[in-house]
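What follows is a set of notes on a single structure, which appears directly below.
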Amino acid sequence: MLVTSPPSPDVAPVTLEQVSVAIGGRPVLRDVDLAVRAGEMVTLLGPNGSGKSTLVRAVTGLLPHTRGVVRLFGTPIEEFGDWSRLGFVPQRSTATGGVPATVREVVASGRVGRRRLLRPTSAADRRAVESALEVVGLTDRASYGVSQLSGGQQQRVLIARALASEPDLLVLDEPTAGVDLPNQQALADALGRLKARGATILLVAHEIGPMMSLVDRTVVMRDGRVAYDGPPLTQEVASHTHHDHDHGPDHGPGSHDHAPHVASPFDWDRGAH
C-alpha cells in the first residue's frame, strides 16, 4: 500500500517569501509570496508567460531564484537534502527518454533516490512500485513497453514514477496537456487517492476538468506575480485565466515561461532508467 508520511500542520511543504527569478537577465517572477499547506491540493493557473512553470522549477530546484527565500518543509532550498520527499512530473516529458523500457522499469526508476548506491531492489521497493502502478490504473500494462502506450497513459507512468518514491509533496506541471478525457479522469482518480492519503499537491494546469472537485485552493499568476490566491475558481472562470496569446509587457508573442536546462535532483534525463 502506497503511503505518505503524516503531514505536519505546522510546517508548510512549500513556502515562497518575496521570491524573484530572472532568466537571461529578464525578470520572470517578481516578489512572489506563496505557501502551500500540508494536505492541500493547490492549482496554479495563468496565461503563457505568467511564470507558472518558472515557479514550479524554482520550487523543485531546477531554477535558482535571484531574490527571496524558497523553503521546502521549513528548510531553505539551498540546505534541503531529502529530495525523496518531493515528487515531480515535468511538462511535456516523455516516459522513455529514448531508452526502450517497460512501464514497470520506468516506475521503478522512481525508487532510485530511496536506495543506497548499488544496493539491490528491496521488497519495500517492489511494493512501492506495484502500489504506484495500481494507483494510476496501469497494473495490467506493467510489462508493456512504454512506447506502446498512448500519450495519456505515458503521463500516468510519469506520475507513477513520482509516486514510487512515496513523496509527501507532488508537483505536476500541466499533466493533462494534450491528454484525452478518459486519461484526464484516470489522472484525477490517481490524484484523489493520493490526496486522501495525506499528500500535498501543487498542480500547474491549463484546464481543471475532472480534477475540479479535488482542488482546495487556486492561485492565478499574471506577469510574474500572484494575481489571485483563494478558494477554487469554477471551471468557467478558471478557463479565462489561460489565454495562449495573453502575454504581459515583458513577454513577446510566442514566449513561454520555460526555464533553460539546469541540472537538479529532478533532471529526469540523466539516464536514471
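The values are calculated or read from the model by the stated rules, or taken from the named source; none is laboratory data. What you are looking at is a predicted structure, and each value in this text was computed from that prediction instead of being measured. Here the Cβ is made from the backbone with ideal geometry for all residues, glycine too, and neighbour counts use every protein chain on show.
State whether one or more residues within the stretch 203-210 are more than 13 Å from the chain's Cα centre (by Cα) and either on the phi > 0 side of the Ramachandran plot or crowded, with 21+ Cβ neighbours inside 10 Å (or both).
yes
If only one of 36, 56, 89, 32 is under 14 Å from the mean Cα position of the chain (by Cα), at pLDDT 95 or above and buried (at least 21 other Cβ atoms within 10 Å of the Cβ), which one is it?
36
Consider only pairs whose beta carbons are under 7 Å apart and that are at least six residues apart or on different chains; among these, list those whose first residue lies in the stretch 23-35 and is farther than 26 Å from residue 11 by Cβ and whose second residue is at pLDDT below 90 and surrounded by fewer than 20 Cβ atoms within 10 Å (Cβ to Cβ).
23/259; 23/260; 26/250; 27/250
Restricting to the stretch 8-29, and then to whatever is of a type in the set (A, V, I, L, M, F, W, C) and within 17 Å of the chain's Cα centre (by Cα), can you tell me which residue is farthest from residue 216 (Cα to Cα)? First the steps, then the outcome.
The first filter runs over the stretch 8-29 and keeps only residues of a type in the set (A, V, I, L, M, F, W, C), leaving 11-12, 14, 16, 19, 21-23, 28-29.
Now restrict to residues that are within 17 Å of the chain's Cα centre (by Cα): 12, 14, 16.
Details: 12: 15, 14: 15, 16: 19 Å.
Among those that are of a type in the set (A, V, I, L, M, F, W, C) and within 17 Å of the chain's Cα centre (by Cα), it is 16.
Yes or no, residue by residue, for (1) out of contact with any Lys or Arg (no Cβ under 8 Å at 6 or more places or on another chain); (2) assigned to a loop (DSSP other than H, G, I, E, B):
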{"site": "155", "(1), (2)": "yes, no"}
{"site": "159", "(1), (2)": "yes, no"}
{"site": "175", "(1), (2)": "yes, yes"}
{"site": "184", "(1), (2)": "yes, no"}
{"site": "190", "(1), (2)": "no, no"}
{"site": "233", "(1), (2)": "yes, yes"}
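Quick test for you: out of 102, 66, pick the one residue that is under 23 Å from residue 179 (Cα atoms) and either at pLDDT 90 or above or buried (at least 21 other Cβ atoms within 10 Å of the Cβ) (or both).
The unique qualifying residue is 102.
I'm trying to understand the selection: among the residues of the stretch 212-230, which are not in a loop (DSSP other than H, G, I, E, B) and not hydroxyl-bearing (Ser, Thr, Tyr)?
Result: 212, 214, 217, 219, 220, 221, 222, 225, 226, 227, 229, 230.
Specify which of the listed residues (177, 162, 196) is surrounded by fewer than 17 Cβ atoms within 10 Å (Cβ to Cβ), at pLDDT below 90 and closer than 19 Å to residue 36 by Cβ.
None of the others qualify; the one that does is 196.
Being exposed (fewer than 14 other Cβ atoms within 10 Å of the Cβ), among the acidic types (Asp, Glu) and at pLDDT 90 or above: is that true of residue 78 here?
Here the answer is yes, as residue 78 does meet what is asked.
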